[in-house]
Amino acid sequence: MDVDSAIAAISAKDARFGAFIARAGVYAPRAGSGDYFAALARSIMYQQLAGRAAAAIHARFVEALGGTVTPQAVLAASPETLRGAGLSANKAAAVYDLALKSTDGTVPLDELTELDDEEIITRLSAVRGIGRWTAEMFLMFELRRPDIWPVDDYGVRNGWTLIHALPALIKPADLRAAGEAFRPYRSVVAWYCWQAVSLLQREMVLPEAAS
């Protein structure tokens with residue numbers, strides 16, 4: 001993706017958004033790991049857990065597999081090994097299902113780059129414990145797809161609302177409609193919405209806090 005062209009196109013479509021981009025700075029999403037299976041397994045570890053707790057469990061999980069997270073290593077591990085690393089029964093089942101579907105062709109890890117966005121979301125959503133949001137994050141950060149629009153993400157909704165000074169949090173259906181104008185660069189728009197949450201909310205001082 002040509003980031004300069006993306007920024008120019010987004011700014012031309014939406015003056016408010018363009019002004020925020022100029023203020024927020026360079027588009028710099030986090031780098032992917034390059035290991036699709038390990039990244040998906042990690043995303044399962046981190047679901048519904050605070051960062052520090054999830055990181056500890058993930059580290060024990062990697063150690064329990066001998067330092068390398070592969071479908072074969074997961075399938076060879078006993079349920080007791082996974083549970084001993086701190087995985088709940090549901091997460092152990094989800095990681096096992098990911099490993100199984102990564103070897104039976106449901107999630108063709110070596111061919112993902114050849115599939116379109118919706119096909120990847122469909123295939124990943126067939127895995128226990130992986131829903132549309134997790135698949136969208138994988139597309140954005142691991143596969144670097146430029147046009148992902150996670151309308152159910154609270155941070156994206158909140159950031160859009162802040163940038164446009166809306167009186168209430170935008171609804172997913174309205175955000176989906178608004179995003180149509182930004183094809184094929186909606187991943188960039190989503191990233192700047194997340195930046196808006198940290199930047200603009202930090203600048204908002206509540207009366208109680210100021211007194």
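A short reminder: the numbers here are calculations on the coordinates, not readings from a lab. Since the structure is predicted, the reported quantities are computational estimates derived from the model, not experimental observations. Please note: Cβ atoms are built from the backbone with ideal geometry, for glycine as well, and neighbour counts cover all protein chains shown.
Here are some notes:
- Proximal lysines to residue 91, defined as alpha-carbon separation beneath 25 angstrom and excluding residues fewer than eight positions away on the same chain: 101
- Hits among lysines - C-alpha to C-alpha of residue 171 under 26 Å, sequence gap 8 or more where chains match: 13
- Since only 100, 138, 90 are under comparison, the one whose Cα sits farthest along the positive direction of the charge dipole of region 36-141, derived from C-beta charges on Lys, Arg, Asp and Glu, is 90.
- Which of 49, 150, 1, positive extreme of dipole for the chain (C-beta unit charges): 49
- Length added when fully stretched, residue 52-residue 19, from 0.36 nm per residue minus Cα-Cα: 8.4 nm
- Mean shadow area of region 36-141, taken as a quarter of the surface of its Cα convex hull (nm²): 6.1 nm²
- Between the beta carbons of residue 33 and residue 109, assuming R0 = 22 Å, the FRET efficiency works out to 0.95 to the nearest 0.05.
- If R0 is taken as 25 Å, the Cβ-Cβ distance between residue 144 and residue 181 corresponds to a FRET efficiency of 0.70.
- Simple spin-label estimate for residue 78 and residue 116 in nanometres, 7 Å along Cα-Cβ: 4.7 nm
- For the chain, the dipole from Cβ point charges (+1 on Lys and Arg, -1 on Asp and Glu) about the Cα centre works out to 640 debye, to the nearest 20.
- The candidate values were (1) 8, 30, 29, 21, 10, 1, 0; (2) 8, 31, 35, 21, 5, 0; (3) 9, 36, 35, 16, 3, 0; the one computed from these coordinates for P(r) over Cα pairs in 10 Å bins from 0, in percent carries the label (1).
- Length gained on full extension, residue 12 to residue 165: 53.2 nm, using 0.36 nm per residue less the C-alpha separation.
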